[in-house]
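Only one structure is covered here, and it is reproduced in the block below.
Derivation of every value follows stated rules applied to the coordinates shown; laboratory data play no part. None of the values given here were measured: they were computed from a predicted structure. We place every Cβ from the backbone using ideal geometry, glycine too, and count neighbours over all the protein chains shown.
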Amino acid sequence: MVYLDNAATTAVRPEVLKVIHDSLLNDYGNPSSTYRIGKKVRHSMIQARKQLAELLNVAESEVYFTSGATEANNWAIRSQAEKSKELGQGNHIVTTAIEHPSVTNVTKYLETQGFEVTYIQPNERGEITVQQFIDVTTNQTIGWIAMAVNNEVGSILPIFELGEEANERNLWFHVDSVQAVGPMAYDYSQLKCTTFVGSAHKFNGPKGIGFLIYRSFQEHNHLGPLLYGGGQENKMRSGTENVPYILGMVKALELTFAEQEETFNKYEKLHHYLLDALNELDIEFEINGDMNNRVPYINNLWFNGNIASQMLIKMDLDDVYISAGSACSAGSLTESDILKAYYPDQPERWSQSLRISFGYQTTREDIDQFIQSLKKISEGKIDLWHSKKLQN
């Protein structure tokens, strides 16, 4: 099997599985309980929060555990937007047209609730710039939203510069940092955002656990409760905490940060190896997204004349697993809104592009097998009729 869809999810590392297993088996007490086994679990969670804060270089009081980034994005954006409007500060939000669905679908919902949203399009060079945000900001603007790294094409957005400008304008600033936490050597203490999020399954942790980092920026505009109940997470997110997965997430991030520089260098070498191998075999392709500001571990390539949905089926038959974009659309495969934003006048790109994304376990041999599958597809050696028959 060749797995090259790590932007969708990553394999849980054995060390992480052990931490989760041990916690499930030995420390199953409710952390809100008053007896010893509950207190022991609570202590483990307190230590995990402290360690996560240290890894991200933020304060312990800023860390909230969630079920993942979708929940965290919803919570952060809705809470800050609704509070700002309630305080009479305005109703206008500036975001980008290339955000993850867990952000864009929130802002679309807010538009039905009386908010106005401006969606920044990539410029002719594929960039999202600070000046674009400044140019559309008005006296009714309450907040900015920008992702750190785009999940489909790997473009890097100027979140640190945006944070400086948002802070100067007294705006809340939300960052979806899902594809950056782990691989990117960011100092989050220097990121002037009010909220940012991460999800464990993007850095070899378990699915169903993530975090929200919240920093208060105004006395009255503070984070509102997501869930009401027993008062967990400082009365902000009630419900018994998933301590085994919290411990697993922190272990995964610890391992990722320990290997960060080595892994990133590996990704750069794999990126160049992939492009060189395609060129050597005269396989025609173009890279999608911002050519100058991009990560090496997410590669979105346009194979002109090849329908992505058909290529995915054929790759699947050959035991090679990639994607054509975000994996967060309930198993459906539609034309990419991200590619539409980058290439509004090139509709062929929307349905003819593939995403190849690396993980810590990716090897050159994986890329070789991917290239061989491409060759077999181009030579008609993987028959689509047989793939349909297998699916029925």
**Asked** By how many degrees, between 0 and 90 and to the nearest 10, does the Cα long axis of helix 14-26 differ from the longest principal axis of the chain?
**Response** 40 degrees
**Message:** Over the chain, with a Gaussian network built from C-alpha contacts below 10 Å, which listed residue (MET236, MET147, MET315) shows the highest mean-square fluctuation?
**Reply:** MET236
**Request:** Would you kindly work out the equivalent ellipsoid of region 43-89 from its C-alpha gyration tensor and give its semi-axes, the square roots of five times the eigenvalues, largest first in whole Å?
**Result:** 27, 12, 9
**Asked** Relative to the longest principal Cα axis of the chain, at what angle does helix 101-111 sit, 0 to 90 degrees, rounded to 10?
**Response** 60 degrees
**Item:** Gaussian network model of the chain, Cα within-10 Å springs - most flexible of VAL178, VAL250, VAL130
**Value:** VAL130
**Item:** Pairs from LYS85/LYS192; LYS192/LYS269; LYS39/LYS235; LYS39/LYS251; LYS207/LYS375 whose Cα-Cα separation, in the structure shown, is over 24 Å
**Value:** LYS192/LYS269; LYS207/LYS375
**Request:** Relative to the longest principal axis of the C-alpha atoms of the chain, give the angle of the C-alpha long axis of helix 260-280, reported between 0 and 90° and rounded to the nearest 10°.
**Result:** 20 degrees
**Asked** Which whole-number percentage describes the relative contact order of region 244-366, with Cα contacts under 8 Å and a sequence gap of 6 or more?
**Response** 28 percent
**Fill in**
Candidate cut points under GluC sites (Glu not before Pro) in region 63-152, DSSP loop plus at most 13 other Cβ atoms within 10 Å of their own Cβ, are GLU124
**Message:** Please give the Cα centre distance for region 94-157 versus region 236-277, rounded to the nearest Å.
**Reply:** 26 Å
**Item:** Residue-averaged [θ]222 nm for the chain, counting only DSSP H segments that reach four residues, each worth -39500 (n - 2.57)
**Value:** -13000 deg cm²/dmol
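For the chain, what is the percent of antiparallel DSSP beta bridges, rounded to the nearest 5? Please list the in-between numbers first.
On the way: 19 of 38 bridges.
Restricted to the chain, the bridges split so that about 50 percent are antiparallel.
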**Asked** How would you rank SER199, SER33, going from fewest to most other Cβ atoms within 10 Å of each one's own Cβ?
**Response** SER33, SER199
**Prompt:** Which percent, nearest 5, of DSSP beta bridges in region 81-151 are antiparallel?
**Reply:** 0 percent
**Complete:** Exposed-loop cut sites defined as chymotrypsin sites (Phe, Trp or Tyr not before Pro) in DSSP loop states with at most 16 other Cβ within 10 angstrom; longest site-free run of the chain spans 36-227
**Message:** Please compute, over every Cα-Cα pair in the chain, the percentage with a separation greater than 34 angstrom.
**Reply:** 32 percent
